[in-house]
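These notes concern the structure reproduced below.
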Amino acid sequence: MVKFLLWCILLVLCWPLALLALVLYPLLWLILLPFRILGIAVDGVFDLLRGILFLPGRILRGPRSA
């Protein structure tokens, strides 16, 4: 909602810049999409490595008591 209000203010102050932002925002989102996917994949790899490294300690600790 805040982004929309800021865009409305920009539209009133400088409408060509607001229209340019309206056109370029989806293009920028598409360009940055692979980097987001890569970040999710790297986070998954780090979670997997953490799970593998902590697995012996979790096995030796045994079942938790309630």
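The values are calculated or read from the model by the stated rules, or taken from the named source; none is laboratory data. The shown structure was predicted, so the numbers you read here are calculated from the model rather than taken from an experiment. Quick reminder, even Gly has a Cβ in these numbers, built from the backbone with ideal geometry, and neighbours come from all protein chains shown.
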Collect the residues in the range 7-22 that are in a helix (DSSP H, G or I) and surrounded by 10 or more Cβ atoms within 10 Å (Cβ to Cβ), keeping them in residue-number order. Trp7, Cys8, Ile9, Leu10, Leu11, Trp15, Leu17, Ala18, Leu19, Leu20, Ala21, Leu22
What is the number of the single condition among (1) of a type in the set (A, V, I, L, M); (2) surrounded by 10 or more Cβ atoms within 10 Å (Cβ to Cβ); (3) farther than 29 Å from Lys3 by Cα that Leu60 does not meet? (2)
Which numbered condition Pro63 misses (of (1) at pLDDT below 90; (2) under 14 Å from the mean Cα position of the chain (by Cα)): (2)
